[in-house]
Amino acid sequence: MNDDHYQVRVLRPAERDYFQIIDYLIEKSPNAAEKLEEKFIKTLERLKRSPFFGKIPNDEELHVEGYRMAILDKYLVFYIVQGTVVEIHRIIHGARDYLQILRGY
């Protein structure tokens, strides 16, 4: 399959995560917010070309569900590849308990 055919969808929870991160960074350092935004766009572009570049999480449940994760500075971008679509589910700071967040408790 040609990698150029992958479409990236940022799901609502990930969209919320992204804007909360950007809003926080704008208050602390507008320059840092701009840099993260540029890196996020590059990550999306990379996912369109090579969706399987992300690491498979060590957690067995996440692995079975098909999650992969890409590193974006201090953040982890959790996504699932379904056919020709890459669904970005969450963007979580690496210091947070991402298992609890992804499992919803």
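Some notes on this structure:
- Ser50, sole failed condition from (1) more than 16 Å from the chain's Cα centre (by Cα); (2) under 17 Å from Val81 (Cα atoms): (1)
- Any hit, the range 29-50, residues being touching a Gly at 6+ places or on another chain (Cβ under 6 Å), within 20 Å of Gly94 (Cβ to Cβ), modelled with pLDDT of 95 or more and surrounded by 12 or more Cβ atoms within 10 Å (Cβ to Cβ): no
- Residue in the range 76-99 that is of a type in the set (Phe, Trp, Tyr) and at pLDDT 95 or above present: yes
- The residue list Val8, Val77, Val64, Val81 contains one member that is in a helix (DSSP H, G or I) and β-branched (Val, Ile, Thr), which is Val64.
- Of all residues in the range 42-87 being among the β-branched types (Val, Ile, Thr) and in contact (Cβ under 8 Å) with a residue 60 or more places away in the chain, the one that is nearest to Gly104 (Cα to Cα): Val77
- Residue selected from the range 88-105 under the condition within 14 Å of Leu62 (Cβ to Cβ) and touching a residue at least 60 places away in the same chain (Cβ under 8 Å), by the criterion surrounded by the most Cβ atoms within 10 Å (Cβ to Cβ): Ile92
- Hey, Asp17 closer than 16 Å to His93 by Cβ, in contact (Cβ under 8 Å) with a residue 12 or more places away in the chain, of a type in the set (Asp, Glu) and assigned to a helix (DSSP H, G or I) or not: yes
- The lone exception for Val77 - which of (1) more than 16 Å from Glu15 (Cα to Cα); (2) in contact with a helix residue (DSSP H, G or I) (Cβ under 9 Å, 6 or more places away or on another chain) it fails: (1)
- Scanning the range 53-70 for residues that are over 10 Å from the mean Cα position of the chain (by Cα) and among the aliphatic types (A, V, I, L, M) yields Ile56, Leu62, Val64.
- Applying the criterion of being under 12 Å from Ile21 (Cβ atoms) and over 10 Å from the mean Cα position of the chain (by Cα) to the residues of the range 71-87, the residue that is surrounded by the most Cβ atoms within 10 Å (Cβ to Cβ) is Asp73.
The values are calculated or read from the model by the stated rules, or taken from the named source; none is laboratory data. Because the structure is a prediction, the values reported are computed rather than measured. A quick note on method: Cβ atoms are made from the backbone with ideal geometry, for glycine too, and the neighbour counts reach across all protein chains shown.
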